[in-house]
1. Being within 28 Å of VAL116 (Cβ to Cβ), touching a Phe, Trp or Tyr at 6+ places or on another chain (Cβ under 7 Å) and surrounded by 14 or more Cβ atoms within 10 Å (Cβ to Cβ), is that true of even one residue in the stretch 165-176?
2. Given the criterion surrounded by 15 or more Cβ atoms within 10 Å (Cβ to Cβ), more than 26 Å from ARG69 (Cα to Cα) and charged (D, E, K, R), identify the matching residue among GLU100, GLU137.
3. Hey, any hits in the stretch 118-129 for a residue that's out of contact with any Pro (no Cβ under 6 Å at 6 or more places or on another chain), among the small types (Gly, Ala, Ser) and loosely packed, with under 15 Cβ neighbours inside 10 Å?
4. Output the residues belonging to the stretch 25-39 that are assigned to a strand (DSSP E or B), surrounded by fewer than 24 Cβ atoms within 10 Å (Cβ to Cβ) and aliphatic (A, V, I, L, M).
5. Could you list, in sequence order, all residues of the stretch 142-154 that are in a loop (DSSP other than H, G, I, E, B) and either surrounded by 13 or more Cβ atoms within 10 Å (Cβ to Cβ) or without any contact (Cβ under 8 Å) to a residue 12 or more places away in the chain (or both)?
6. Would you pick out the residues in the stretch 187-211 that are within 22 Å of ILE42 (Cα to Cα) and either in contact with a strand residue (DSSP E or B) (Cβ under 6 Å, 6 or more places away or on another chain) or of a type in the set (A, V, I, L, M) (or both)?
7. Examine the stretch 197-220 for a residue that is of a type in the set (Ser, Thr, Tyr) and at pLDDT 90 or above, and state whether such a residue exists.
8. Residues in the stretch 92-121 that are of a type outside the set (Asp, Glu) and assigned to a strand (DSSP E or B): how many?
Amino acid sequence: MVDPSSTGGGFEAKRYRRQRDGQSVMITLLGVGHVFDIGAAIRAEVLARRPKVVALELDPARYQAIMSREPRRRGWSILGLLAQFQVRIADQYGVQVGDEMVAAARAAQEIGSEIVLIDEDSRGVLRRVWAEMSFRERVRLLTSALGAFFTRKERVEAELQRFYRDEQSFLREFATELPTAKRILIDERDAVMAQTLRHLEESRRGIVAVVGEGHVDGLLRHLAGVPVEVVHLEQLRAAPAGPNASVNVSVHL
């Protein structure tokens, strides 16, 4: 799921930071999409901030798969269908699925940042979604997954622009069509990842979290009271190439 909310290019915003022991503390959220060519922008953001921790919206199995580029056996399943859709779309953008996560992890390794995986097990999550869905939701999900095979880059861009224009309306529509998927895939994972980020923020100074853009709004709500800096997907895609390219917006909740 993607989102955005910001202006593209070089754009300065006032920063609000809480002080602890004379040092500034902040969580930076990088909102990403797993099929877009934003690896260079992600690398630049991590290197510019040199955080103590780089938190990734991945579980151990997915992390191992994208870092080694070993294909995961999924068979004929909803997960397999959705994964194939991502592969097809990423190919149209000239990248591999998860390249932005690989870029973040490698940048973290390069500067000695700790890598923390903050997501739940994807297979377990999807099994829960399927088990708790009504028959009508299952039919809608299967229809959507099959229809995704005919989706092209132009349709993805159109949907992304619709999301940019009215994120809340987009998410409400998703919740109406697939309420169980919205609750488990978005809302509950937002809560879990935010709790982990809070714990990290309490013990470390400087965290960059690379998460799907569709999670940014929910994470901000759950992180109320914590200084948070956000770089949205739209900004990352508009960022100029180069090691010092960086755009951001800071908020204090």
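The values are calculated or read from the model by the stated rules, or taken from the named source; none is laboratory data. Keep in mind it's a predicted model, so treat the numbers as computed, not measured. With ideal geometry, Cβ positions are generated from the backbone for all residues, glycine too; neighbour counts draw on all protein chains shown.
1. no
2. Working: GLU100 fails: more than 26 Å from ARG69 (Cα to Cα).
Result: GLU137 is the single residue among GLU100, GLU137 that is surrounded by 15 or more Cβ atoms within 10 Å (Cβ to Cβ), more than 26 Å from ARG69 (Cα to Cα) and charged (D, E, K, R).
3. Step one: filter the stretch 118-129 for residues out of contact with any Pro (no Cβ under 6 Å at 6 or more places or on another chain), giving 118-129.
Now restrict to residues that are among the small types (Gly, Ala, Ser): 122, 124.
Subset that is loosely packed, with under 15 Cβ neighbours inside 10 Å: 124.
Yes: one or more hits.
4. If we filter the stretch 25-39 for residues that are assigned to a strand (DSSP E or B), which is where we start, we get 25, 27-32.
Filter again for surrounded by fewer than 24 Cβ atoms within 10 Å (Cβ to Cβ), leaving 25, 28.
Across the stretch 25-39, the qualifying residue is only VAL25.
5. If we filter the stretch 142-154 for residues that are in a loop (DSSP other than H, G, I, E, B), which is where we start, we get 151-152.
Result: THR151, single match.
6. MET193, ALA194, LEU197, LEU200, GLU201, ARG204, ARG205, ILE207, VAL208, ALA209, VAL210, VAL211
7. From the stretch 197-220, those of a type in the set (Ser, Thr, Tyr) are 203; that's our starting set.
Next, from what is left, pick out any that are at pLDDT 90 or above: none.
No - not one qualifying residue is present in the stretch 197-220.
8. Keep residues of the stretch 92-121 that are of a type outside the set (Asp, Glu), which gives 92-98, 101-109, 111-113, 115-118.
After this cut, where a residue has to be assigned to a strand (DSSP E or B) as well, the list is 115-117.
Total satisfying the criteria: 3.
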